[in-house]
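Report on the following structure.
The values are calculated or read from the model by the stated rules, or taken from the named source; none is laboratory data. Keep in mind that what you see is a predicted model, and the values were worked out from it rather than measured. Counting neighbours? That spans all protein chains shown, and the Cβs are built from the backbone with ideal geometry, glycine included. Surface areas here come from the heavy atoms of the whole protein model, side chains and all, with no ligands, DNA or RNA. Shrake-Rupley method; radii C 1.70, N 1.55, O 1.52, S 1.80 Å.
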Amino acid sequence: MNSIKNIDSFGHVRGESLFVDDIIVQQNTLCGLVYDSPKAHGIIKNLDLSKAAAIEGVIKIFTYKDIPGENQIGGIIPDEPLLAENEAHFVGQPIALIVATSDSIAKKARALIEIKIEELPIITGAKEAASKKQFINTPRTFSLGNTDNAFIECDYVFEDEVFTNGQEHLYLETQGAYAVPMENGSIKVTSSTQGPTQVQKGIAKILGIGMHRIEVDVIRLGGGFGGKEDQATPWAALTALATYLLKKPVKLILNRHDDLRMTGKRHPYESNFKIGLTKELKIIAFEADFYQNSGAAADLSPAVAERTLFHATNSYFVKNVKTTVYSCKTNLPPNTAFRGFGGPQGMFVIEAAIAKAASEIGVTTTQIQETNLIQENDELAYGQLMTQTEAINSWQSAFKKFNYKKLATEIEVFNTKNKNFKKGISVMPICFGISFTNTPMNHARALVHVYQDGTVGVSTGAVEMGQSVNTKMLQIAAQTFAIQPDKIKLETTNTTRVANTSPTAASSTADLNGKALLKACSAILERLKTVAAQELKVRQEEVSLQNEWIYVNSKKSSLSWKELVANAMLARVALSEKSHYATPKIHFDKTKEKGHPFAYHVYGTAIITTTVDCTRGTYIFDSIKIIHDYGKSMNKGIDLGQVEGALAQGIGWMTMEEIAYDKKGNLLSNALSTYKIPDIFSIAENIEVIPLETEGNEMAILKSKAVGEPPLMYGIGAYFAIQNAIKAYNPSYKLKFHAPMTPEKVLMSLYQK
Ligand code: MTE
Ligand code: MOS
């Protein structure tokens, strides 16, 4: 069963898979187009829609005044209007919705809207916002031990600044939704969202009606990467608003330019650290202040900020820790979830601190890293006692399997022999907590129908967005019922079948929905076994299923799966089941900032080698070797795909993806000509991923650990590998921690005096 391929692969390569824009729309479907703020901050003095509205084919232009419910889409903090009222807070902020008979008419109309904005001061940087006391909420601090006392005892103390840039999600399918009016004021919305319930709730609030009137359906996403966890809601709400008021179907799909300008990205962080070590290289004190560039509204920033603190010491145990995160309000689009969810920003800082310490003390970074890896029963700053830790195991496995010593020696030899090319190596261990850090979100449901012909329909709260969660769900049902995958259909994710769902996020989707599904399938299976036992006149414990057949004490009986189901139907046995799963054992007390927030952790170690062209500042990655803790992978192909994809995204963030806003808050990197994401050539040709041999974890679905986000952080190693190559060329280079490490920056560093 392990070799089951992504069930979407055929549809994808043949162009048959359906995304929002592929749905066959109803007659007279109208087009929605968003008119957004041209200014980053100011008072809207006048909005003149008259010329635009006069165009033939423009049905209506909606503003906040038309919203029947509450003009509010803020999830964690209610601080974000769907349509701007009297003040604009970022370039790209939706102000009006044009609804027209065609896209081109809507575009013509958009160009004719006139606005007068009295400009107010614009803030684009996080520390700049902090200096002006512009915060989203109150800062949070995690602490363990006493850093003040510990720093006095340290033999070495180092401080520095760190910057990590944002990152554009660049999902292939841009944001969009399609709304259709149903009976009695109800609406059905097809949305490209990671959070169908979030969309349902958002629409209900905007329209001022009950959630039961809104049905949200998600077929699949052409990628989300966190960008559609919260930020799919406004577009769905706008289409729903128009549909509700016009009683007509309305479709709204953002074009790439609009999507890039209007949506938030990974949060840029400006940080400071202070690290203290003993002569033996034990880190005994670590402090960090994280200034998160949250953008103009909270969105998911407080939750992202929280995860930064959870991962601020990565896979290291530090006895005395004090980390604080400030969510800073700026005039950029609200930044949002992005694979890793604040974890990468936190981890980069401690890796920078270790690199700095190593460089100043004159030891290798790996010496410090290895000395401080988490061990069994270490207590982290947030109170969780670490068990089944694999930090040392994965580190040592990587060193042994990939012969680190040999690699490092080869690089040294190369560097002594070559002048214009230098190589660098780095090791990046990861430790990533699995669960929504907001404990109440850790639950899911699944609905299973066994049809009377023996085929099966499965609905869960999981959203398929390329990570192949549906394939994993199908695998669970197929395995439990012992039937062929083609007898099972994964239904769309729909709020009327599976309600009150958490978004597909935090890498926890397969665990949560899979466990619920396993429960549902098992319950039906037990009932079927009862029927089989009665029919075959044996005890139920003797009955098992294999390959669509009933076995008694491992001997094939006369009864097939198909007959059994038909008989169960005649016996009036329930062939459907709905199950609920909530992660046991986890808890977290936000007043104390202590608890046991994670079901388990995912570990791994990457070794990255690079060659820098010291004339040009360009670089290639020669090899990337990873020992990854999959637990007991339930689908090796899919999991490897997630590791490779996340790795590429991590390397992109660290090396080439450079978001740029000007001081007026305009996005300069507003097209793929100015924003470069990694392609197959940007990542090493020689990628090797070896599973860490472990027992797996009971809290993971079939002991197969979550895999969506953790491998992104291997990419952090790319930064330090390049930095080491720079040092080999330019001994007077002073380490700088300012990601991404673009070829431009490499060149400057190579020749820095
Ligand atoms: N993989 C693909 N192909 N497309 C995506 O959008 N999103 C990532 C990751 N892998 C994503 C992906 C993110 S941000 C998360 S949180 C997880 O998938 C969510 O899915 P999971 O919980 O099923 O791992
Ligand atoms: Mo992922 S950033 O949790 O959607």
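What accessible surface, in Å², does a 1.4 Å probe find on Cys521, ignoring ligands, DNA and RNA and rounding to the nearest 10?
0
Placing +1 on the Cβ of each Lys and Arg and -1 on the Cβ of each Asp and Glu in the chain, which of Gly346, Gly125, Gln484 has its Cα farthest towards the positive end of the resulting dipole?
Highest projection toward the positive end goes to Gln484.
Could you sort 171-184, 55-68 so that the peptide with the highest average Cβ count within 10 Å comes first and the rest follow in order?
Ranked by mean Cβ neighbours within 10 Å, highest first: 171-184, 55-68.
Using a cut-off of under 16 Å, list every residue of the stretch 478-492 whose amide N is near the label point 7 Å from the Cα of Lys556 along the Cα-to-beta-carbon line.
Taking a point 7 Å out along Cα→Cβ of Lys556, the residues of the stretch 478-492 whose backbone N falls under 16 Å are 483-484.
Compare the Cα positions of Phe720, Ala700, Asn730 along the charge dipole of the stretch 695-736 (+1 at Cβ of Lys, Arg; -1 at Cβ of Asp, Glu; about the Cα centre) and return the one farthest towards the positive end.
Of the candidates, Asn730 comes out farthest on the positive side.
Using unit Cβ charges (K, R positive; D, E negative) and no other charged atoms, how large, in debye to the nearest 20, is the dipole of the stretch 87-149 about its Cα centre?
The calculated dipole for the stretch 87-149 is roughly 120 debye.
Ranked from highest to lowest mean number of other Cβ atoms within 10 Å per residue, what is the order of the peptides 579-588, 466-475?
466-475, 579-588
For Lys590 paired with Glu563, estimate the spin-label separation in nm (one decimal), with each label point 7 Å from Cα along the Cα-to-Cβ line.
Once both label points are built, they end up 5.8 nm from each other.
Whole-Hz ³J(HN,Hα) for each residue in the stretch 123-129, computed from phi via Karplus 6.51 cos²θ - 1.76 cosθ + 1.60 with θ = phi - 60°, x for glycine and proline: what do you get?
10, 10, x, 5, 5, 4, 5
Tell me the carbon and sulfur percent of the accessible area for the chain, rounded to whole percent, probe radius 1.4 Å.
Of the solvent-accessible surface of the chain, carbon and sulfur hold 52 percent.
Please give, to one decimal in nm, the separation of the simple spin-label points placed at Asp148 and Glu128, each 7 Å out from Cα toward the Cβ.
Result for the modelled spin labels: 3.4 nm.
Full extension from Glu114 to Ile690: what is 0.36 nm times the residue separation minus their Cα-Cα distance, to one decimal in nm?
201.5 nm
Hey, with R₀ at 60 Å, roughly what FRET efficiency would Ser673 and Arg539 work out to, going by the Cβ-Cβ distance, to 0.05?
0.30
For the stretch 689-700, what does the Karplus curve 6.51 cos²θ - 1.76 cosθ + 1.60, with θ = phi - 60°, yield as ³J(HN,Hα) per residue in whole Hz, taken in order and with x for Gly and Pro?
10, 10, x, 6, 6, 9, 7, x, 9, 4, 6, 8
How much length would be gained if the chain were fully extended between Lys247 and Thr416, taking 0.36 nm per residue of separation minus their Cα-Cα distance, in nm to one decimal?
53.5 nm
Could you give the length gained on full extension between Val363 and Arg572, defined as 0.36 nm per residue of separation minus the Cα-Cα distance, in nm?
On the way: separation 209, 0.36 × 209 = 75.24 nm, distance 7.30 nm.
Length gained between Val363 and Arg572: 67.9 nm.
To the nearest 10 square angstrom, how much accessible area does Asp21 have with a 1.4 angstrom probe?
Accessible area, nearest 10 Å²: 90 Å².
Please identify which residues in the stretch 22-44 have an amide N closer than 14 Å to a label point set 7 Å out from the Cα of Asp662, following the Cα→Cβ vector.
Residues passing the 14 Å test: 38-40.
Placing +1 at every Lys and Arg Cβ and -1 at every Asp and Glu Cβ, with all other atoms neutral, what dipole size does the chain have around its Cα centre, in debye to the nearest 20?
Here the size comes out at about 460 debye.
Taking only C-alpha pairs under 8 Å that are 6+ residues apart, what is the relative contact order of the stretch 362-457 in percent?
Normalised by residue count, the contact order of the stretch 362-457 is 16 percent.
Using alpha carbons only, what's the Rg to Rh ratio of the stretch 77-194 with Rh from Kirkwood?
When Rh is taken as the Kirkwood radius, the ratio is 1.13.
If you rank Ser554, Ser315 by how much accessible surface each has, with a 1.4 Å probe, what is the order from largest down? Spell out each step's value before the answer.
Details: Ser554 95, Ser315 0 Å².
Accessible-area ranking of Ser554, Ser315, largest first: Ser554, Ser315.
Do the sum for the chain: with -39,500 (n - 2.57) for every DSSP H run of n ≥ 4, divided by all residues, what is the mean residue ellipticity at 222 nm, to the nearest 500 deg cm²/dmol? If you can, show how the numbers build up before the last one.
Details: 19 runs with 219 residues, N = 753.
Rounded to the nearest 500, the figure is -9000 deg cm²/dmol.
For the chain, what are the DSSP H helices with axial Cα length of 24 Å or more and mean Kyte-Doolittle hydropathy of at least -0.5?
Working: long enough: 343-361 (27 Å, 0.73); 509-536 (39 Å, 0.30); 636-655 (28 Å, 0.24).
Qualifying helices: 343-361, 509-536, 636-655.
For Val689, enumerate residues with amide H under 5 Å from its amide H, sequence gap 5+ or separate chain, H modeled in the peptide plane.
Long-range HN contacts for Val689: Ile626.
Output the Kirkwood hydrodynamic radius of the stretch 540-697, Cα pairs only, in Å rounded to one decimal.
21.9
Please name which of Leu575, Val469, Ser507 has its Cα lying farthest along the dipole of the chain towards the positive end, using unit charges on Cβ (Lys, Arg +1; Asp, Glu -1) and the Cα centre as origin.
It is Leu575, whose Cα lies furthest towards the positive end.
Between the stretch 421-471 and the stretch 1-46, what is the separation of their alpha carbon centroids in Å?
22
Please list, or write none, the lysines whose alpha carbon is within less than 24 Å of the alpha carbon of Lys636, excluding same-chain residues fewer than 8 places away.
Straight-distance partners of Lys636: Lys5, Lys400, Lys401, Lys472, Lys487, Lys489, Lys515, Lys519, Lys625, Lys703, Lys705.
Expressed as a whole number of Å, what is the distance separating the alpha-carbon centroids of the stretch 527-575 and the stretch 145-189?
50
Taking a point 7 angstrom from the Cα of Gln27 along the C-beta vector, which residues in the stretch 224-247 have backbone N less than 19 Å away?
In the stretch 224-247, the label zone of Gln27 (backbone N under 19 Å from the point 7 Å along Cα→Cβ) covers 247.
For the stretch 110-127 and the stretch 348-387, compute the distance between their C-alpha centroids and round to whole Å.
Computed from Cα coordinates, the inter-centre distance equals 44 Å.
Which FRET efficiency value, to the nearest 0.05, is calculated for Asp155 and Lys5 with the Förster distance at 45 angstrom and r the Cβ-Cβ distance?
0.25
Nearest 20 debye, what's the magnitude of the dipole of the stretch 482-562 about its Cα centre given +1 on Lys and Arg Cβ and -1 on Asp and Glu Cβ?
180
Apply the Kirkwood formula to the chain: the hydrodynamic radius equals the inverse of the mean of 1/r over all pairs of different alpha-carbon atoms; give it in Å with one decimal.
27.3
Cut-off under 21 Å on the C-alpha distance; same-chain residues fewer than 8 positions from Lys555 excluded. Which lysines are left, in chain and number order?
Once the sequence-local lysines are set aside, what remains near Lys555 is Lys529, Lys537.
How many Å² of accessible area per residue for the chain, probe 1.4 Å?
Dividing the accessible area of the chain by its residue count gives 39 Å².
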